[in-house]
Structures are given as structure tokens and as C-alpha cells.
Protein chains: 2
Amino acid sequence: MALKLEPGTRLVVATHNAGKARELAEILENRFELVTAGSLGLHEPDETETTFVGNALLKARAAAEASGLIALADDSGLSVVALDGAPGIYSARWAGPGRNFTEAMKKVEARLEEARAQDFSAWFTSALAVAWPSGPGVVVEGRIDGTLTFPPRGEKGFGYDPIFIPEGLDRTFGEIEPLQKDGISHRARAFAKLKAALF
Amino acid sequence: MALKLEPGTRLVVATHNAGKARELAEILENRFELVTAGSLGLHEPDETETTFVGNALLKARAAAEASGLIALADDSGLSVVALDGAPGIYSARWAGPGRNFTEAMKKVEARLEEARAQDFSAWFTSALAVAWPSGPGVVVEGRIDGTLTFPPRGEKGFGYDPIFIPEGLDRTFGEIEPLQKDGISHRARAFAKLKAALF
């Protein structure tokens, strides 16, 4: 066996986040036959690890074992320099069980005010993991740096996108077109590494 | 780039455990140029993940980033069925800072007595991770099932080896020859998967 993802491979996408699933599908360029974890009735494991790659791997391995298929998982989040990297791996948890990112973005703003932060630098990380059932797992990580802005701007994207202006642009990830975001995002950068490693 | 470990590659072995380093060197069959993390003065990161593969990956990634070389790390441990998988990822920690496995093995025995356990089944897990600097990480996991015996028997091996009788044998990992252990151990099984994936 070589560690290679052949075109047409049936892949379980181990995310229950619709925004992420859509972005992964766009990025995967119809190269694979994608099945969602939800459609297979897979249970989403607790994200107990302390790193993005650890959690992505945990999710991919769980989905691969439960489905018997090769699985792809993402773990990603926003890290704010003045908040010592928070919310980081807790980015989704800051949005609560209702995935209310309007509230999560307010929380980031409030924490920056509390800290009297002058530095609004932040970065997005995306870890992607591929796991073979009873076999190896592969992880990669992509990152994009940028600056936060308040109030949130734009209705595109998802999560913290409306407060994040990527370096080199003057609009937030919520304002640019999905295809433009897919070309430069942390997820696209992680995916480029995955492609180099496994395609 | 293909995910491949070419013969002769310079590899940092990210373990500060002499027993593990020796076993890895034996298993790697002189295929690579091995450098120990200790000889490079690398700091050993805290093992903060909740899984063997997570911790192996954490150590390999840290060593790869610090050294600029491809890194190989192991995380392994003993899981006891009647103790709900303990000590598991805490196997080394049960031995304390002085790495006193005589005490750690007594602790396992005491816990089994407290639990009035009839079932002495246990298994060893070895997770191996390879990480490329700023690049992907690959993990595999091997496992061997067996039965615990007290008091400890044999001076060979290391860690919990003297209380572990692998299935199919009547001697502990502390009693059999290193080369015999290398042929059947959890670490050998993990390594066979790594070989299939990357050699």
C-alpha cells in the first residue's frame, strides 16, 4: 500500500458543520466521491485533544473506524494574538450549542476590550486529517494571518469570517466571494499540503 | 513531494526514553541515519493529548520544528481491561519522575486487588508518528494483547514488560530475548504499518 488517495475514492467527510462540509466539497474539486458523516448516522466524537491536528485526527479516525471507509476531517479555528491564541481549539465552543457566532464574535470583542488590546492580529488555522480504517492517519495544517475588525462585516462565509480581514485584502472573509476565499484560506492552504502529500 | 521515507534519510528520534530509542533503532534495521532528540538538545514537550497517536504526533511535530529534520516519535503504554484501560497514556507517569517501573507495576497490582479483578487481560499500544518540518504528519498504531502476571518476571525489556505475557507465549516480555520481542511487539506491529505506508 502506498499512502495515496486515488481519484474517485469514496471518502467520508467527518464534519457535522455544513459550512465546512461545503468548503471541503468545493476544494475537493469533485475528485472524490464524498459521503457525509451525518448521512451515515455517525456519532461525532468529543474533541478532547489540545491541538487542531489532534482533534482532526481524532475525528477522522473515529469516522474511519465507524464506517470502514477512508475519512477526512477538519478542525479549525481563530487564534487572537492579544488573547494568547484564544479561542483557538475552542472556537466552536465559544459559539455555544446553538452555534451562535454572532455571540462568539461579541465575546472576542469584549475580551479584547477587557484586555485593552491595541494589537488586533489574529490567524485562522485549519488542520485536515485523513484516516484509513485500521490504518494510518495523515495530518496537515494551514494558516492564514490577518487582522480583526468590529463590528462584523459581510454575510458570506461562516463562523468568525465577518470579523477577519486576511493579510493583503481590505475586506473580511464574510465580504469576499466563496471562491476567492477558497483560493487563499487556511483550509485551502492545508488542502494544498494534503494534495502534495497524498494525490 | 510524495510521502515517502527514503533509505538513508536523517531522522530525529524524538524520545528521551533509552529503552524505546534502542528498540526503535533495532526495528529500523539501519535503514536510516538516526539522531536522538537528546543529542540535539531538544526539549521534550508536555504530552497533553488524550490519545497515544495524539501524543506521538505532538512529539514528532515538536522535534521536526525544532530540528528542521524529519522526526519519528513513539507514544506507548499498557492498558488493563479491568482498570478501564488505565494506566494507558499515563503509563510513564505512573512510574513517577524517577521512572520507577517497579513501583508502577506494584500500583497496577494494587489497583487490580482493590477492584477484586478476576480478569487480568491487558494490551500494549504503540503509536508511531513521523512529521516533516512545516509539513505533514503520519501516525500509525500497533497493539498486542496479553495477560498480566505478578510478581514481575525477567530482567529484559523495560517498563511494564516483566508483568506482561503476550498471547501465545508463556513468558513475559521481560523474559524473552529482545529480538523475539521486536518480532511480535506492539511497536513492531506499528512499525510494520509505518513501513507499509512510507517505505
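The values are calculated or read from the model by the stated rules, or taken from the named source; none is laboratory data. All values derive from a computational prediction rather than experimental measurement. Positions of Cβ are backbone-derived with ideal geometry, glycine not excepted, and every protein chain shown enters the neighbour counts. The area values use the complete protein model at the heavy-atom level, side chains included, leaving out ligands, DNA and RNA. Shrake-Rupley method; radii C 1.70, N 1.55, O 1.52, S 1.80 Å.
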Exercise. Based on Cβ point charges of +1 for Lys and Arg and -1 for Asp and Glu, what charge dipole magnitude is obtained for segment A:10-198 about its Cα centre, in debye rounded to the nearest 20?
Worked result: 280 debye
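When the solvent-accessible surface of protein heavy atoms is calculated with a 1.4 angstrom probe, in what order do A:S121, A:S185 fall, highest first?
On the way: A:S121 45, A:S185 0 Å².
So the residues, ranked largest to smallest area, are A:S121, A:S185.
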Problem set entry | Interface residues, segment B:1-28 - accessible area loss of 20 Å² or more versus chain alone, probe 1.4 Å | B:M1, B:L3
Seminar exercise, completed: Surrounding charge for B:S39, neighbours by C-beta under 14 angstrom, Lys/Arg +1, Asp/Glu -1, total -1
Exercise. What does the charge dipole of the protein assembly as shown about its Cα centre add up to, to the nearest 20 debye, if the Cβ of each Lys and Arg holds +1 and the Cβ of each Asp and Glu holds -1?
Worked result: 440 debye
Problem set entry | Proximal charge balance of A:V53 [Cβ under 10 Å; K/R count +1, D/E count -1] | -3
Seminar exercise, completed: In degrees, nearest 10, the alpha-carbon axis of helix A:18-27 is tilted away from the dominant principal axis of the alpha carbons of chain A by 70 degrees
Seminar exercise, completed: When chain A is treated as a Gaussian network with springs between alpha carbons less than 10 Å apart, the largest mean-square fluctuation among A:D46, A:D182, A:D74 is found at A:D46
For this session: May I ask you to give the solvent-accessible area per residue for chain B, in square angstrom, as obtained with a 1.4 angstrom probe?
Result: 44 Å²
For this session: Using a 1.4 angstrom probe on heavy atoms only, work out the carbon and sulfur share of the accessible area of the protein assembly as shown in %.
Result: 51 percent
Exercise. What are the distances, in nm and sorted shortest first, from the label point of B:E33 to the label points of the same position in each other copy, with each label point placed 7 Å from Cα along the Cα-to-Cβ direction?
Worked result: 4.6
Problem set entry | Size of the A/B contact, given as accessible area buried on both chains, probe 1.4 Å, in Å² | 1700 Å²
For this session: Mind telling me which of A:L40, A:L57, A:L83 comes out most flexible in a GNM of chain A, alpha-carbon contacts under 10 Å?
Result: A:L40
Exercise. How much net charge surrounds A:E113 when only the other residues with a Cβ under 15 Å from the Cβ of A:E113 are counted, with Lys and Arg +1 and Asp and Glu -1?
Worked result: +1
Exercise. At a probe radius of 1.4 Å, what is the per-residue accessible area of B:R189, in Å² to the nearest 10?
Worked result: 100 Å²
Exercise. In chain B, if every C-alpha pair distance is counted and binned at 5 Å from zero, what percent goes to each bin?
Worked result: 1, 8, 16, 21, 20, 15, 10, 6, 3, 1, 0
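Return the subset of A:K156/B:K4; B:K20/B:K106; A:K106/A:K193; A:K59/B:K195 for which the Cα-Cα distance in this structure is over 28 Å, preserving the input order.
The pairs that break the limit, which is 28 Å between Cα atoms, are A:K156/B:K4; A:K106/A:K193.
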Exercise. Rounded if a/c is under 1.5, else prolate if a/b beats b/c, else oblate: with a ≥ b ≥ c from the C-alpha gyration tensor eigenvalues square-rooted, which is the protein assembly as shown?
Worked result: prolate
